[in-house]
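Inspection log for the structure reproduced underneath, given as structure tokens.
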Amino acid sequence: MKRTLLLLFLSVTAAGAVSAANKYDNPDTLFVSRDGTCEFRNIADAVEVCRAFMEYHKVIFVKNGIYKEKLEIPTWLTNIEICGEDRDRTIITFDDHANVPLLSTGKPMGTFRTYTVKVTGSDITFSNITVRNNSARLGQAVALHVEGDRCAFVNCRFLGH
């Protein structure tokens with residue numbers, strides 16, 4: 001009897017763990033909005049739940065708004081499309097510039113660390129989005145840094161200096 005109850009408990013626990021782990025593991029669309037009307041308020045949070053090395057296409061639909069975040073799409077993420085609602089009203093922005101001192105050394109961070117969006121994953125598509133680095137004019141500022149393969153940017157706007 002104890003063995004049967006233990007097996008039943010383990011199977012129910014395992015089934016619950018599988019369903020919780022797979023909540024976002026499907027080829028559907030994830031929705032992001034700054035006003036809290038969607039499941040995610042930040043693009044980085046939606047990117048975080050994407051499975052590594054996906055073989056299917058996942059869309060992260062971003063509603064109009066200004067998203068102040070330093071966004072990174074890591075190398076292990078593939079087949080993701082980040083689609084904005086409107087190019088001029090869906091904005092990812094951050095404000096680093098080349099002369100910002102690093103906390104570890106106190107020396108300027110340099111141009112290549114100033115990105116607002118960094119893409120190292122492959123097969124990543126951005127569409128209908130503005131990527132902006134709106135730092136003070138105290139040094140160079142990069143809006144987009146791409147190292148991934150087969151990345152596409154459709155109807156996007158990039159603003160840096």
Per residue, how much accessible area does segment 68-161 have with a 1.4 Å probe, in Å²?
50 Å²
With a 1.4 Å probe and all protein chains kept in place, how much accessible area does C38 have, in Å² rounded to the nearest 10?
30 Å²
Could you give the distance between the Cα centres of segment 27-101 and segment 123-139, to the whole Å?
12 Å
Can you give the Kirkwood hydrodynamic radius of segment 52-161 from its Cα pairs, in Å with one decimal?
14.3 Å
Show me the three semi-axes of the equivalent ellipsoid for segment 99-161, from the C-alpha gyration tensor (sqrt of 5 times each eigenvalue), largest first, rounded to whole Å.
25, 15, 7
A chain fully extended from D45 to D88 at 0.36 nm per residue, minus the present Cα-Cα distance, gains in nm 13.3 nm
Cα-centred dipole magnitude for segment 54-116, charges only on beta-carbon of K, R (+1) and D, E (-1), debye, nearest 20
200 debye
For labels at E147 and Y56 in the simple 7 Å Cα→Cβ model, what's the distance in nm?
3.0 nm
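The values are calculated or read from the model by the stated rules, or taken from the named source; none is laboratory data. Computed from a predicted structure; not experimentally measured. Glycine also receives a Cβ, built like all others from the backbone with ideal geometry; neighbour counts cover every protein chain displayed. For accessibility, only protein heavy atoms count, side chains too; no ligands or nucleic acids. Shrake-Rupley method; radii C 1.70, N 1.55, O 1.52, S 1.80 Å.
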